Amino acid sequence: MENLFENQDIINVNIEDSVKASYLDYSMSVIIGRALPDAKDGLKPVHRRILYAMHDLNVTSKAAYKKSARIVGDVIGKYHPHGDISVYDALVRMAQNFSMRAPLVDGQGNFGSVDGDSAAAMRYTEARMTRIAEEVLRDLDKDTVNFVPNYDDTMKEPAVLPTRVPTLLLNGSEGIAVGMATKIPPHNLGELLDAILHLVDNPSAEAIDLMEFIQGPDFPTGGTIFGRRGIIDAYTTGRGRVRIRAKHHIETKAKKEVIVIDELPYQVNKARLIELIANLAKDKEIEGISEVRDESDREGIRVVIELKKEAMAEIVLNNLYKSTPMETTFGIILLAVYNKEPKVFNLPEILNIFLSHRKTVIIRRTIFDLEKAKARAHILEGLKIAVDNIDEVVQIIRSSSNDADARERLETRFDLSQIQSQAILDMRLGRLTGLQRDKLDAEYNELMILIAELESILRSEDKLNEIIKEELNEIKEKFSNPRRTEIED
């Protein structure tokens, strides 16, 4: 045993420094790798990996549904080395229209309810992408974003998605990391796109200018936001608090007033709320309620609160707002990761990050298309030379001993590149007709027009902005819908 450590150097380490370094490494890993969304595409790593795995499997909005277990298996096997339950929970939430303002997953089967029922096991449910999710992945195959190695270095995954949709504010995000948390509410797509379109023309617009377009959060469950102070705080400083109330109307039944709740505050569990109201009425903590029942159906929420004859609806309502989650507070923290650094942003900063991400994606896509067009034009130039000198080309090929010899002789005789000479050797005899020659000319002329157009985009900031506006207007036309949450002063 004595000889075991004889030749080993002993290094003294300050335990405080060691623990501090380890804890910082761990906290950054949680912040970047799990808990917080990226400011560019608005997704946490698990959501990005779910969408990318579905893209891999080609489970588009027009494809057949695939078992959720299959999708989850691909995600944890290829990209996300964490538990299957955490991945499935994320997938389920992406399919819930009461959690997401624009669901990214189209689920078939039991995906949970606003009553807090959990989804069926992943072996029973099926999923595919929604149409808007396809816009989040559009142009991924055109070298628009960087790819990074997956957890075991056997595959590549996108570091960020080339989204056309401002997902971060559209669907919001919640996450608790180490020493920080994010809580971003969902917003209305049409309002967001109007604000971004304004920002394209007015890059120095302030939060207050953008609030002419974005009224405030727009929750998938509707409800009413009371007061704008919290919204202004959140959009100018990145932090604020908004009060949300259930939406109701009053009916009269047998000379008694009946309160009917039509919409609930975001993330309020309907079944628990009804149970709480019933218990408060039973314990006489809220006077005047004779019966509470749930009449909700596929059409929407309908919670009926029947009052006693002498009870006044307004007084009962005020007590309900005070004692139950019929009124809740949503604390907004606009925190996201940008260039691997967590930061609290204000509204213009978040929208500008999305805008600059779109510019980068369009520039990279244009360069990709341009290189592809130039490569094709280069081949067509070689084929045109071959068709113009077909007798000599045929004679060179027939008298050559092998492919390499023929290629070399063609290159020397007609000053061709290796790619062009190979294309000539691969050319079918059918391409030698007059009609095919016309087709070559037509394709070449079209490519020249395309190349000129792509080069002009790369040279002109105005053209780039026009493309951004065109694409944003297209998304707005396809997917925007009316506001659900009212805002009252």
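Results, tabulated for the structure shown:
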{"quantity": "By average C-beta atoms within 10 angstrom, highest first, the peptides 292-301, 35-44", "calculated": "35-44, 292-301"}
{"quantity": "Histogram of C-alpha separations across region 304-418, 5 Å bin width, %", "calculated": "2, 8, 9, 9, 6, 5, 5, 5, 6, 6, 6, 6, 5, 4, 3, 3, 3, 4, 4, 2, 1, 0"}
{"quantity": "Correct option for volume of the Cα convex hull per residue in Å³ [calculated from the coordinates] among (i) 275; (ii) 178; (iii) 220", "calculated": "(i)"}
{"quantity": "When each of Lys255/Lys308; Lys359/Lys463; Lys156/Lys478 is checked by Cα-Cα distance, pairs over 21 Å", "calculated": "Lys156/Lys478"}
{"quantity": "Helix runs (DSSP H) in the chain reaching 30 Å along axis by Cα, Kyte-Doolittle at least -1.0", "calculated": "347-388, 434-459"}
{"quantity": "Counted charge near Ser99, where neighbours are those whose Cβ lies closer than 12 Å (Asp, Glu -1; Lys, Arg +1)", "calculated": "0"}
{"quantity": "Estimated FRET transfer efficiency (Glu443, Ala254; beta-carbon r; R0 56 Å; 0.05)", "calculated": "0.10"}
{"quantity": "Region 357-489: C-alpha gyration tensor shape, a/c 1.5 cut-off, then a/b vs b/c", "calculated": "prolate"}
{"quantity": "For the chain, with +1 on Lys and Arg beta carbons and -1 on Asp and Glu, the positive-most of Ile50, Ala39, Val303 along the dipole", "calculated": "Val303"}
{"quantity": "Summed side-chain charge close to Leu458 - residues other than Leu458 whose Cβ falls under 12 Å, Lys, Arg +1, Asp, Glu -1", "calculated": "0"}
{"quantity": "Partners for Lys183 among lysines (Cα-Cα distance below 20 Å; same-chain residues under 8 apart left out)", "calculated": "Lys40, Lys44, Lys340, Lys343"}
{"quantity": "Of all accessible heavy-atom area on the chain, the percent that carbon and sulfur account for (1.4 Å)", "calculated": "49"}
{"quantity": "Fully extended contour minus Cα-Cα distance, from Lys343 to Ser18, at 0.36 nm per residue", "calculated": "114.4 nm"}
{"quantity": "Mean-position separation - Cα centroids, region 173-230 and region 93-164, in angstrom", "calculated": "22"}
{"quantity": "Relative contact order for the chain, counting Cα pairs under 8 Å that sit 6 or more residues apart, in percent", "calculated": "16"}
{"quantity": "Amide H contacts under 5 Å for Glu157, placed H, 5+ residues apart", "calculated": "Val148, Asn150"}
{"quantity": "Set of aspartates and glutamates near Lys374 by C-alpha distance (under 20 Å), chain-local residues within fewer than 8 positions excluded", "calculated": "Asp139, Asp141, Asp143, Glu411, Asp415, Asp426, Asp438, Asp441, Glu443, Glu446, Glu453, Glu455"}
{"quantity": "Approximate spin-label separation Asp117-Ser323, in nm, with each point projected 7 Å along Cα-to-Cβ", "calculated": "2.9"}
{"quantity": "For Ser290, residues with placed amide H under 5 Å, excluding near neighbours", "calculated": "Glu306, Leu307, Lys308"}
{"quantity": "Accessible area per residue, Å², the chain with all protein chains present, probe 1.4 Å", "calculated": "51"}
{"quantity": "Global geometry of region 174-317, whether rounded, prolate or oblate, following the gyration tensor of its Cα atoms and the 1.5 cut on a/c", "calculated": "prolate"}
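The values are calculated or read from the model by the stated rules, or taken from the named source; none is laboratory data. As the structure is a prediction and not an experimental result, all values here were calculated from the model. Note that we place each Cβ from the backbone using ideal geometry, even for glycine, and neighbour counts take in every protein chain shown. Protein only, heavy atoms only, side chains kept; ligands, DNA and RNA dropped before computing areas. Shrake-Rupley method; radii C 1.70, N 1.55, O 1.52, S 1.80 Å.
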